[in-house]
1. I'd like the full set of residues that are part of a helix (DSSP H, G or I) and farther than 18 Å from B:Ile384 by Cα, limited to region B:134-157.
2. Being aliphatic (A, V, I, L, M), part of a helix (DSSP H, G or I) and more than 22 Å from B:Val357 (Cβ to Cβ) is the requirement here; does B:Ala326 meet it?
3. Scanning region B:191-214 for residues that are more than 10 Å from chain A (Cβ to nearest Cβ) and of a type in the set (A, V, I, L, M), which turns out farthest from A:Asp332 (Cα to Cα)?
4. May I ask you to say which residue of B:Leu3, B:Leu30 is surrounded by fewer than 19 Cβ atoms within 10 Å (Cβ to Cβ) and either under 22 Å from the mean Cα position of the chain (by Cα) or not basic (Lys, Arg) (or both)?
5. Could you please let me know if B:Glu188 is out of contact with any Pro (no Cβ under 8 Å at 6 or more places or on another chain) and more than 14 Å from chain A (Cβ to nearest Cβ)?
6. Looking for whichever is surrounded by fewer than 18 Cβ atoms within 10 Å (Cβ to Cβ), within 14 Å of another protein chain (Cβ to nearest Cβ) and polar (S, T, N, Q) here; the options are B:Gln54, B:Gln50, B:Gln13. Which one fits?
7. One residue is enough: does region A:258-268 have a residue meeting the conditions assigned to a helix (DSSP H, G or I), open to solvent by 30 Å² or more (accessible area, probe 1.4 Å) and touching a strand residue (DSSP E or B) at 6+ places or on another chain (Cβ under 9 Å)?
8. Among the residues of region B:245-254, are any open to solvent by less than 10 Å² (accessible area, probe 1.4 Å) and not assigned by TED's automatic domain parsing to the domain that holds B:Ala152?
Protein chains: 2
Amino acid sequence: MSLIKEIALKASQAAKVLAGVSTDTKNQVLQAMANALEAQQQQIIEANRQDLSQADELGLSAAMVDRLTLTPARVADMAQGLRTLASLEDPVGKTRLQAERPNGLKVEKMRIPLGVVCMIYEARPNVTADAGALCFKSGNAVILRGGKEALASSLAISAILQQVLEQFNLPAALISVVPNPDRALMQELMEQQGLIDVIIPRGGEGLIRYVTENSKVPVIQHFKGVCHLYIDRDADINQALSLLVNGKTQRTGVCNALEGCLVHKDIAADFLPLAAEALKEKSVFINGCEQTAQHIQVGKVLKEEEFGQEYLDLEIAIRQVDNVDAALAHIDRFGSHHTEVICTTNEETAARFQRLVDASVVMWNASSRFSDGAELGLGAEIGIATTKLHAYGPMGLEALTAEKFVVTGSGQIKG
Amino acid sequence: MSLIKEIALKASQAAKVLAGVSTDTKNQVLQAMANALEAQQQQIIEANRQDLSQADELGLSAAMVDRLTLTPARVADMAQGLRTLASLEDPVGKTRLQAERPNGLKVEKMRIPLGVVCMIYEARPNVTADAGALCFKSGNAVILRGGKEALASSLAISAILQQVLEQFNLPAALISVVPNPDRALMQELMEQQGLIDVIIPRGGEGLIRYVTENSKVPVIQHFKGVCHLYIDRDADINQALSLLVNGKTQRTGVCNALEGCLVHKDIAADFLPLAAEALKEKSVFINGCEQTAQHIQVGKVLKEEEFGQEYLDLEIAIRQVDNVDAALAHIDRFGSHHTEVICTTNEETAARFQRLVDASVVMWNASSRFSDGAELGLGAEIGIATTKLHAYGPMGLEALTAEKFVVTGSGQIKG
């Protein structure tokens, strides 16, 4: 049997064992894992140094090296993440009534684990602990296939988690790491339909497209974030300025940062000069449409097809629009189904926007930067889905489960 | 632009129009469609005659010809199905509270349509009306790619539905039929990621495997039904007999018919002779394990690897098991994630079975034959998913929607 087949088979068998484990036990395991990560911090950091020593050779950018680096504080954060998960409600086994039929059948839906989740990701060693724990709490086995950049760190972290599993007489295969970053093995992972239930790739658009194109196992996709803030005619101008500056500048390299701002024409003359001043104070480079350029000085005048860029930097595209429907049309064309925001005091306009925008998260009078699992109350997230099948938006514990029908009768037969 | 690309693009644009249409209007359209199908029954039946005239040449089996044949009564059933859908609750726009955050953000989830659904199916003209109406009510555009056997019927039905759409100033592309059953066009459909959101194949296992292997658009799979009835030690014997006979014989060629019966060893001596008598009265051919053969005469003694067949006929496999866990292990190996039934008076055993069986529908003291969308209260179904991603079990209106996050604030920014 090939290495990958064996990993997938063991994970699948382990998932069946986990299905019978109580919430209490799962929470005890998570607490013990958190303690073990902290107690064996030194081992993790040493393994991480080994990864870091190859960073130059692998040509990692400064941002990648930053994501790769583990410190005692970052290990403590990881442990804290596991403790938070232990405190969250377990979705598995939850039921909701669907129907009570005229013949007396009671129809419910019950949440169950998906089975085996496979994460394919790049140089983020923290994903090993986060995804391992999220999958464990939601009753799933996980196969972690991280990039070669973080392999030593990932193996050190998973070894600690596996020791704890074994202390509780649970199979170590519940949290498996593919020990070889060979692309051929990744391809083989993507062919384990029947053993692996879902693949969640996290990383650059290239990786996600590659997995989506080549996988025979269903994939949950997380593409880029081109998020917009629409400033309505009825916006509170100070609120709008605050949402714009926070969404664009609080952190720039993330998928929930603002990349575009749409301004209603009736408020443009009042709003835009103040916006330009506030953005320039934060050194934001302003691109704008021709109408925008009539109100403020823009660094570059954008043509229609130049909108929709994911700058991931101190740069923004501003466009004046005639009304909320024009804003919706712009987002429909250039948005990325991630997060869209409206700033308005008009409830009707807000409701229309919230209902019609096709984005996984729609905010009214709140910063786009709140679009993540922790801020939305999920406790943690395993990714942000930007396609609608199975999950849409930040994925927490519930998104790692399915629902089956559970029917209770008293001997009913079909006539 | 190719024919398929044009169909997919128009469907995608039409779906955006439908997103803004009220529930009342959708229900009026469905009522009007039902009336139009009945009023233009003659056209449908004439087109159907054209399909039937080629049935011999295409080598259709008697069962396929039966499914293909439309009569006034069957057209009336179709119309009635549309009226039922009009009476069902619209899932689109429904919200549920997720969290109220310490910073005052209110986090809800709101149901939204998936977008564009593509049905790939064989010789079932009724799918054209059923799937068309289910997708319409749930806010989705649908592209129907039926087999060549039923093409004239499908085109006649869809033409009537499209006329009604146009009477209500809605785009006809909301319900499109691919007018050419060429396999190359089907392949092209499966490459319209970005325009088509999900493909639902209905038909034989070969078709479903072909679509799953080749599609770049996500696929919801419905494989075979190998359903079991487990007769527990604490079963009511009369109830068990009734569930067995009904599940096996009420209709045999369907995926929710019983194919296997597992009998607890402590009840086998009492139950099996009565079961054999009842099954023989209905001319059921009995296969059984060696222990079963010690209690009753079996037509064939089955070896381990001969279990798990989908007979779709008056034939069954009976096996004696030591306890509920042995029943669970058998189902885990031979079941098809469709429907599994336990017959017992013991609540604890039932709860264990309902929680641990990995099947999309788990019944306690009820016939497997109730495992369909109408009987479970969904009103109608577009298919039965036997894999867990996005939907598991009979898929009704809700399974044709997704949920987005809708967040309401008062100017919150991230610190």
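The values are calculated or read from the model by the stated rules, or taken from the named source; none is laboratory data. Fair warning: this is a prediction, and the values are worked out from it, not measured in the lab. All Cβ positions, even for glycine, are placed from backbone atoms using ideal geometry, and neighbour counts span all protein chains on display. Accessible surface areas use protein heavy atoms only, side chains included; no ligands, DNA or RNA. Shrake-Rupley method; radii C 1.70, N 1.55, O 1.52, S 1.80 Å.
1. Of the residues in region B:134-157, the ones part of a helix (DSSP H, G or I) are B:134-137, B:148-157.
Residues satisfying the conditions are B:Phe136, B:Lys137, B:Lys148, B:Glu149, B:Ala150, B:Leu151, B:Ala152, B:Ser153, B:Ser154, B:Leu155, B:Ala156, B:Ile157.
2. Working: aliphatic (A, V, I, L, M): yes; part of a helix (DSSP H, G or I): yes; more than 22 Å from B:Val357 (Cβ to Cβ): no.
So B:Ala326 fails the test.
3. B:Leu207
4. Details: B:Leu30 fails: surrounded by fewer than 19 Cβ atoms within 10 Å (Cβ to Cβ).
Checking each option against the conditions leaves just B:Leu3.
5. Details: out of contact with any Pro (no Cβ under 8 Å at 6 or more places or on another chain): yes; more than 14 Å from chain A (Cβ to nearest Cβ): yes.
Against the criterion (out of contact with any Pro (no Cβ under 8 Å at 6 or more places or on another chain) and more than 14 Å from chain A (Cβ to nearest Cβ)), B:Glu188 qualifies.
6. Details: B:Gln54 fails: within 14 Å of another protein chain (Cβ to nearest Cβ); B:Gln50 fails: within 14 Å of another protein chain (Cβ to nearest Cβ).
Exactly one residue qualifies, and that residue is B:Gln13.
7. Just the residues of region A:258-268 that are assigned to a helix (DSSP H, G or I), to begin with: A:265-268.
Still in the list and also open to solvent by 30 Å² or more (accessible area, probe 1.4 Å): A:265-266.
Remaining after also requiring touching a strand residue (DSSP E or B) at 6+ places or on another chain (Cβ under 9 Å): A:265.
So far as region A:258-268 goes, yes, one or more of its residues are assigned to a helix (DSSP H, G or I), open to solvent by 30 Å² or more (accessible area, probe 1.4 Å) and touching a strand residue (DSSP E or B) at 6+ places or on another chain (Cβ under 9 Å).
8. We begin by selecting, within region B:245-254, every residue open to solvent by less than 10 Å² (accessible area, probe 1.4 Å); these are B:247-248.
The next check asks that each one be not assigned by TED's automatic domain parsing to the domain that holds B:Ala152; those that pass are B:247-248.
Yes, region B:245-254 contains at least one residue that is open to solvent by less than 10 Å² (accessible area, probe 1.4 Å) and not assigned by TED's automatic domain parsing to the domain that holds B:Ala152.
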